[in-house]
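Some notes on the structure that comes next.
The values are calculated or read from the model by the stated rules, or taken from the named source; none is laboratory data. All figures in this text were calculated on a predicted structure; none of them were measured in a lab. Cβ atoms come from the backbone with ideal geometry, glycine included; neighbour counts cover every protein chain shown.
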Amino acid sequence: MSEWRNTTHDWAGSVDLDHLARIRRNPGEFAPGGVAHLVLEVLAYAAEEAESTGGGRAVVTVHSDGSVSVADDGRGTTTRADGHGGFVKKPVMSTKDLRFFDSPEPEKLPDGHPRRGVPVTELSPIADDGTTGTTVAGGRRLNVEVVR
């Protein structure tokens, strides 16, 4: 793992507890506007994926309980062989995005606020339906729950 190149997230650990605690202490700073800002954060990743592959689709669903999910048809979350016959999932929802989080001038999202990436929980597998992509779901407490 020490030779793995870090481009968007640090592969050295699966969870950055200090980072998550900082987010939880300051939700207004890292998710101004609440769920709407988080949806823009997730869509920014889907847009990057579509740009790199020549196209794509993302669907935003507002559920009857007030939760929101965003699904895209990209390549899905990266995994790497750990050298011991297992695989490591990219720590995309549990560590900060190295490109934006501590940048003095991070990219702005359409709401005018900085792009940071706001991880909250670990990745959870969902049923394989034969496609690739990512699904991120969150409720009123701004929890990111599912990624495939």
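Points worth noting:
Let's see how each residue does on (1) among the aliphatic types (A, V, I, L, M); (2) modelled with pLDDT of 80 or more; (3) closer than 15 Å to Leu38 by Cβ; (4) out of contact with any Asp or Glu (no Cβ under 6 Å at 6 or more places or on another chain):
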site: Glu105; (1), (2), (3), (4): no, yes, no, yes
site: Pro110; (1), (2), (3), (4): no, yes, yes, yes
site: Pro114; (1), (2), (3), (4): no, yes, yes, yes
site: Ser124; (1), (2), (3), (4): no, no, no, yes
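- Looking only at residues in the stretch 53-74 that are surrounded by 11 or more Cβ atoms within 10 Å (Cβ to Cβ) and without any contact (Cβ under 8 Å) to a residue 24 or more places away in the chain, the one that is nearest to Glu3 (Cα to Cα) is Thr53.
- Of all the residues in the stretch 21-43, those that are in contact (Cβ under 8 Å) with a residue 24 or more places away in the chain, closer than 17 Å to Pro91 by Cα and either surrounded by fewer than 17 Cβ atoms within 10 Å (Cβ to Cβ) or in contact with a Lys or Arg (Cβ under 9 Å, 6 or more places away or on another chain) (or both) number 2.
- Residues in the stretch 20-75 that are touching an Asp or Glu at 6+ places or on another chain (Cβ under 7 Å) and either outside any helix (DSSP H, G or I) or among the charged types (D, E, K, R) (or both): Gly33, Glu49, Gly56, Arg57, Ala58, Asp72, Gly74, Arg75.
- Filtering the stretch 96-103 for residues that are acidic (Asp, Glu) and closer than 25 Å to Arg5 by Cα leaves a non-empty set.
- Just so you know, in the stretch 87-100 the residues that are under 19 Å from Val39 (Cβ atoms) and free of Cβ contacts under 8 Å to residues at least 60 places away in the same chain include one that is surrounded by the most Cβ atoms within 10 Å (Cβ to Cβ), and it is Met93.
- For the stretch 75-86, the condition holds for no residue, the condition being that it is out of contact with any Gly (no Cβ under 8 Å at 6 or more places or on another chain), among the small types (Gly, Ala, Ser) and crowded, with 18+ Cβ neighbours inside 10 Å.
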